[in-house]
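A.B. asks: Here it is: the structure, laid out below.
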Amino acid sequence: MRTRLTTSHLAMTLAIFVMAFLVVAQLRTSRATTSQVEIPTRNVYAMATLLRQEREARIRLESQVATLRGELESYQREGAKGRNLTEAMTRELETMRIALGLRAMRGPGLLVRLDDPSTQPKGANPVVVTYQDIVAVINELWAAGAEAIAVNGQRVTATTGLSQVGGTVVVNLQRLNGPFQIVAIGDRSTLERALNIRGGLIDGLRALGLSVTMTPRDSIVVPAYRGTFNFEHAKPTQ
């Protein structure tokens with residue numbers, strides 16, 4: 001009787017153990033399967049999140065790039081305007097420098113040489129070149145279209161004054177001695193014809209005994225004005 005009970009006990013115990021083992025094995029298999037399914041699912045979610053973040057970051061960067069490109073184009077336009085303004089002001093300044101005689105100039109023109117007579121008449125006042133003679137020649141050249149004039153290397157400008165001290169002519173506060181060479185840039189034939197008018201200025205100077213020669217040149221250099229401009233009384237208008 002006891003033997004049967006013991007055998008029965010053992011059989012039940014073994015059956016319970018087997019069932020427990022099977023349950024545990026099933027649970028482990030289920031957990032393993034669940035774990036294997038969740039891993040790729042989590043990766044997909046993570047990848048989706050990263051893609052969304054990258055897309056948002058790219059959109060922000062594209063917006064910043066567009067803004068920066070607009071600012072760059074604006075700076076380039078402003079820079080172009082500034083360069084154009086600077087270039088225009090530079091050209092205007094250069095024109096003013098030329099008009100004021102502050103730039104040396106080169107071009108075709110005429111060289112006029114004035115000198116005292118080689119021989120002076122006896123018993124009379126000597127005949128010499130005066131500043132009025134030089135002024136008269138300069139005025140004739142201006143009237144004939146001269147664009148730049150100099151006397152013995154002194155540039156003649158709008159403020160140049162000529163005078164005489166003893167036997168010397170003063171130009172731009174500089175004393176000059178003869179012979180006097182007046183160079184003028186302009187149309188050579190026009191300048192020469194203007195001075196060679198019959199009975200005109202040159203004929204009158206020669207009649208006085210002065211030596212006057214004119215030489216057309218293909219290239220004449222007129223130096224720049226080296227003095228200063230002083231305005232004590234003249235003031236710009238408002």
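Bear in mind that the values in this text are calculations on the coordinates, not laboratory data. Given the structure is predicted, the values throughout are model-derived calculations rather than measurements. All Cβ positions, even for glycine, are placed from backbone atoms using ideal geometry, and neighbour counts span all protein chains on display.
A.B. asks: What does the net charge come to around L141 if you take all other residues with beta carbon closer than 14 Å to its beta carbon, with K and R at +1 and D and E at -1?
C.D. replies: 0
A.B. asks: Using 0.36 nm times the number of residues separating R69 and Q120, minus their current alpha carbon distance, what extension gain do you get?
C.D. replies: Full-extension gain reported as 10.0 nm.
A.B. asks: Separate question: Calculate the spin-label point distance for R77 paired with S163, positioning each point 7 Å from the Cα along the beta-carbon direction, and give it in nanometres.
C.D. replies: Between S163 and R77, the simple spin-label model gives 5.9 nm.
A.B. asks: Among D218, D187, what is the fewest-to-most ranking by other Cβ atoms within 10 Å?
C.D. replies: With the fewest neighbours first, D218, D187 line up as D218, D187.
A.B. asks: Nearest 0.05, what FRET efficiency do T130 and T86 give at R0 = 41 Å with Cβ-Cβ as r?
C.D. replies: With a Förster radius of 41 Å, E is 0.30.
A.B. asks: Neighbouring Cβ atoms within 10 Å as the yardstick, rank K81, K235 fewest first.
C.D. replies: If I rank by nearby Cβ atoms, fewest first, I get K235, K81.
A.B. asks: Can I ask one more? Give me Rg over Rh for the range 106-222, both radii from the alpha carbons and Rh done the Kirkwood way, two decimal places.
C.D. replies: Rounded to two decimals, Rg/Rh equals 0.96.
A.B. asks: What is the spin-label model distance, in nm, from T190 to D218 if the labels are put 7 Å beyond Cα along the C-beta direction?
C.D. replies: Those two pseudo-labels are separated by 2.2 nm.
A.B. asks: Right, something else. List the chymotrypsin sites (Phe, Trp or Tyr not before Pro) within the range 131-238 that fall in a DSSP loop (any state other than H, G, I, E or B) and whose Cβ has at most 16 other Cβ atoms within 10 Å.
C.D. replies: Answer by residue number: F229, F231.
A.B. asks: I've got another one for you. FRET efficiency for T228 and L111, Cβ-Cβ distance as r, R0 = 25 Å, nearest 0.05?
C.D. replies: In this case the efficiency is close to 0.35.
A.B. asks: Please list the non-local residues whose amide H lies under 5 Å from the amide H of Y225, H modeled 1.01 Å from N, same-chain partners needing a gap of 5 or more.
C.D. replies: The list, which skips near neighbours in sequence, is L102, R103.
A.B. asks: Along the Cα→Cβ direction, 7 angstrom out, place labels at L93 and T237. What is the inter-label distance in nm?
C.D. replies: Going from the L93 label point to the T237 one covers 2.7 nm.
A.B. asks: Taking the alpha-carbon centroid of each part, what is the distance from the range 149-195 to the range 218-238 in angstrom?
C.D. replies: Cα centroid of the range 149-195 versus Cα centroid of the range 218-238: 15 Å apart.
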